[in-house]
Amino acid sequence: MCSIIGYKGRLNVASVLVDSLKRMEYRGYDSVGIATINNGKILIKKDIGKVADVNKSLDLGRMPGHTGIGHTRWATHGDVTYKNAHPHYGCTDRIAIVHNGIIENYKELREELIFLGHTFVSDTDSEVIAHLLERHYSGQKNIKKTVIEACRRLKGTYAFVAAFEDGTICGSRYDEPLIIGSVNNGYFISSDVLGFLEYTDKAIFLDNRDIVIVDSETCHIFDLDGNIVDRAITKVAWELAAIDKGKYAHHTLKEIHEQPNIVQKAGTQNLEKIEEFCNIVMNSKTLFLVGSGTSYHSALIAKHILSKFAKIRAEAIISSEFQFAFDDIDNTSVIIAISQSGETADVLQSVKAAKTMGARILSIVNNPTSSLARISDSSLSIDCGPEIGVAATKSFTAQLSLIYTIVDRLCNGCLDFEANKAFLVGALRQVLDTEIQIHSIAEGLRDARDIYIIGRSIHYAIALEGALKIKELAYVHTEGIAAGELKHGPLALIDRNSYVLLVNPTDMASEDNIASAYEIKARGAKIIGISDRPNNVYDIFIKIPSVKSTFYPIIEVLPFQILAYYLALAKDADPDYPRNLAKSVTVK
Ligand code: M6R
């Protein structure tokens with residue numbers, strides 16, 4: 001949820017850290033801070049806000065040195081305030097730390113350290129790490145022993161990087177990512193490869209409880225018993241250019257516009273890997289699909305088409321609910337975990353639980369080196385390049401495209417996805433052409449208090465996804481409702497102040513949807529129809545092209561993404577960085 005970075009090398013550290021933090025800001029953007037070490041002194045500068053906002057107050061010109069650490073925060077313990085922003089010193093300025101995760105026993109450690117004379121200044125759980133390190137460092141000044149002793153006391157999830165007055169940086173992790181980037185004459189220690197990809201594609205993925213120490217341009221990795229461990233260097237292949245906004249005002253808009261190309265590219269993934277993945281699916285007795293947020297909506301669509309076309313029954317479950325749902329998982333079960341980041345804590349937790357019960361794990365990720373990919377028996381990448389906007393847009397279409405490819409393989413080509421691709425790409429471009437119309441619809445919805453999105457069958461998942469986009473980007477209460485459920489309760493909410501969007505392309509559900517729309521209209525609500533055919537019941541009509549009915553989800557989600565984006569702008573919200581959220585939710 002937070003991003004952490006450490007660097008020791010030959011470059012001017014302050015600007016290196018800030019550039020790295022900018023690239024990882026999707027992980028959290030409440031506050032920013034860096035600490036640099038120069039001539040045996042650690043200097044911290046931090047402030048509330050995003051990197052671009054606080055850049056000036058960090059006054060990088062006055063932060064010389066070639067070693068340092070940095071952080072962007074997504075608050076868990078303690079308000080968004082200056083004192084809670086990272087880095088944190090211990091009692092003195094000899095050690096500073098940055099942390100991502102939650103230290104579950106921080107209260108107990110804090111009380112113990114206060115009893116021993118330490119003074120805390122923040123409300124964070126993280127500050128205990130600085131004091132704990134300080135405690136073990138004072139006297140012996142042996143950094144390896146210090147970090148081992150401190151890590152032995154920590155409970156919970158963590159990745160931290162610490163800077164010591166002598167110019168050493170070190171870090172450790174438990175269930176939060178921490179990756180070393182190896183550059184000429186130096187090293188990075190980072191939450192994400194994006195933190196150092198501009199400088200190197202040589203990455204070392206640390207295992208849980210590994211400890212890394214970088215001193216005098218050398219990097220040592222130890223286990224908790226102090227034994228040296230050998231971790232392989234992985235070459236990471238991500239196109240860096242993709243994280244620029246290009247000609248677009250926001251990453252989100254750029255990512256929305258990238259979708260035709262993403263569908264175009266889909267299915268070109270390694271065919272052998274798809275084969276391996278499908279064989280595991282076919283050999284399962286019970287199949288579960290897990291994901292959170294948008295990835296859960298992909299799971300719902302996967303469940304639908306697996307059953308309809310491959311005749312494979314699967315359960316789709318929100319990953320945070322998975323642990324409460326099933327006791328009957330065993331070695332005949334297969335879990336397909338869907339996650340853009342591959343780092344979502346809820347997903348990782350459900351997968352780990354299923355693994356201990358003997359299940360095989362398959363995953364669909366965007367980051368092939370993520371924690372989820374690495375603990376899977378087989379993993380496929382959606383390959384849509386880094387998604388920076390906090391709202392999932394292009395990753396959703398990329399997930400769906402890969403799911404179509406997989407199901408097509410499982411039903412011996414009955415979907416004909418490959419043959420339909422060119423047509424779908426054209427259809428996506430046509431929907432993008434409605435951007436101006438949707439922009440003006442968004443202006444009209446500026447003062448809407450409640451928005452309802454209605455869909456049936458496979459389109460219900462899109463109603464949920466559309467509602468999620470509007471909630472998170474524009475902060476408007478929006479509910480996705482199964483059209484058939486309206487009369488079982490939600491209709492009571494509808495009045496002349498309500499806006500109802502109906503996902504209604506022509507298929508076997510559309511007549512029933514029109515009937516529901518009339519019931520809604522009779523209560524005075526305004527209806528916005530999203531369909532390939534106009535209808536008198538719609539007050540506003542957004543036209544989408546006709547495609548083969550199975551593929552509608554990929555097309556019909558776009559108007560919602562565009563609407564949410566422009567509604568965010570109409571309400572003066574930043575669509576790339578919605579309040580209270582972070583892109584990668586690595587805490588439970
Ligand atoms: O990285 P993941 O796909 O596991 O993330 C899951 C959710 O946190 C994510 O989809 C979230 O709901 C998005 N902000 C939705 O736009």
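This table checks each residue for (1) at pLDDT 95 or above; (2) out of contact with any helix residue (DSSP H, G or I) (no Cβ under 6 Å at 6 or more places or on another chain); (3) under 30 Å from Ala159 (Cα atoms).
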residue	(1), (2), (3)
Glu519	no, yes, no
Lys526	yes, yes, no
Val537	yes, no, no
Pro545	yes, no, no
Ile554	yes, no, no
Leu558	yes, no, no
Ala564	yes, no, no
Leu569	yes, yes, no
Pro578	no, no, yes
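Just to be sure, is Ser378 within 15 Å of the ligand (Cβ to nearest atom), of a type outside the set (A, V, I, L, M) and open to solvent by less than 20 Å² (accessible area, probe 1.4 Å)? Criteria not met by Ser378.
With respect to being open to solvent by 10 Å² or more (accessible area, probe 1.4 Å) and more than 28 Å from Glu275 (Cβ to Cβ), Tyr452 falls outside the description. Within region 140-172, work out how many residues are open to solvent by 10 Å² or more (accessible area, probe 1.4 Å) and assigned to a strand (DSSP E or B). Number satisfying all stated conditions: 2.
Within region 94-132, restricting attention to residues that are in contact with a strand residue (DSSP E or B) (Cβ under 9 Å, 6 or more places away or on another chain) and open to solvent by 70 Å² or more (accessible area, probe 1.4 Å), the residue that is farthest from Arg173 (Cα to Cα) is Val121. Does region 335-344 contain at least one residue that is crowded, with 24+ Cβ neighbours inside 10 Å, in the same structural domain as Ile274 (by TED's automatic domain parsing) and away from the ligand (no atom under 11 Å from the Cβ)? Yes: region 335-344 contains one or more residues that are crowded, with 24+ Cβ neighbours inside 10 Å, in the same structural domain as Ile274 (by TED's automatic domain parsing) and away from the ligand (no atom under 11 Å from the Cβ).
Per-residue answers, yes or no, for (1) open to solvent by less than 10 Å² (accessible area, probe 1.4 Å); (2) within 15 Å of the ligand (Cβ to nearest atom):
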| position | (1), (2) |
| --- | --- |
| Ser333 | yes, no |
| Phe396 | yes, yes |
| Leu410 | no, no |
| Asp416 | no, no |
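When Gly49 is tested against (1) modelled with pLDDT of 90 or more; (2) over 24 Å from Gly186 (Cβ atoms); (3) not β-branched (Val, Ile, Thr), exactly one condition is not met: (1).
Filter region 460-515 down to residues that are open to solvent by less than 10 Å² (accessible area, probe 1.4 Å) and of a type in the set (Ser, Thr, Tyr) and give me whichever is farthest from the ligand (Cβ to nearest atom). The residue in question is Ser498.
Results for (1) assigned to a loop (DSSP other than H, G, I, E, B); (2) more than 24 Å from Asp346 (Cα to Cα), shown as yes or no for each residue.
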position	(1), (2)
Val98	no, no
Leu113	no, yes
His131	no, yes
Tyr174	no, no
Tyr187	no, yes
Glu198	yes, yes
Asn208	yes, no
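Looking at region 82-93, which of its residues are more than 24 Å from the chain's Cα centre (by Cα) and either surrounded by 21 or more Cβ atoms within 10 Å (Cβ to Cβ) or among the β-branched types (Val, Ile, Thr) (or both)? Hits for region 82-93 are His88, Gly90, Thr92. Does Ser350 fit the bill of being within 26 Å of Lys394 (Cβ to Cβ), within 16 Å of the ligand (Cβ to nearest atom) and assigned to a loop (DSSP other than H, G, I, E, B)? The answer is no for Ser350. Restricting Gly385, Gly389 to residues that are away from the ligand (no atom under 14 Å from the Cβ) and more than 13 Å from Ile338 (Cα to Cα) narrows the list to Gly385.
Within 13 Å of the ligand (Cβ to nearest atom) and of a type in the set (Phe, Trp, Tyr) - does that describe any residue in region 309-319? Scanning region 309-319, I find no residue that is within 13 Å of the ligand (Cβ to nearest atom) and of a type in the set (Phe, Trp, Tyr), so the answer is no. Of all the numbered requirements in (1) free of Cβ contacts under 8 Å to residues at least 40 places away in the same chain; (2) closer than 22 Å to Thr550 by Cα; (3) within 11 Å of the ligand (Cβ to nearest atom), Ser363 misses one, and that requirement is (2). When region 320-331 is filtered for residues that are assigned to a loop (DSSP other than H, G, I, E, B) and either open to solvent by 60 Å² or more (accessible area, probe 1.4 Å) or within 16 Å of the ligand (Cβ to nearest atom) (or both), the ones remaining, listed by number, are Asp327, Asp328, Asp330, Asn331.
Inside region 559-588, residues that are within 22 Å of Ala52 (Cβ to Cβ), open to solvent by less than 20 Å² (accessible area, probe 1.4 Å) and either in a loop (DSSP other than H, G, I, E, B) or within 11 Å of the ligand (Cβ to nearest atom) (or both) make up a count of 6. Scoring Pro368 on the criteria (1) open to solvent by 40 Å² or more (accessible area, probe 1.4 Å); (2) more than 30 Å from Asp201 (Cβ to Cβ); (3) within 14 Å of the ligand (Cβ to nearest atom) leaves a single failure, condition (2).
The values are calculated or read from the model by the stated rules, or taken from the named source; none is laboratory data. Owing to the predicted nature of the structure, the values given are computational and were not obtained by experimental measurement. Every residue, glycine among them, receives a Cβ derived from its backbone with ideal geometry; neighbour counts consider all protein chains shown. SASA here: full protein model, heavy atoms, side chains in, ligands and nucleic acids out. Shrake-Rupley method; radii C 1.70, N 1.55, O 1.52, S 1.80 Å.
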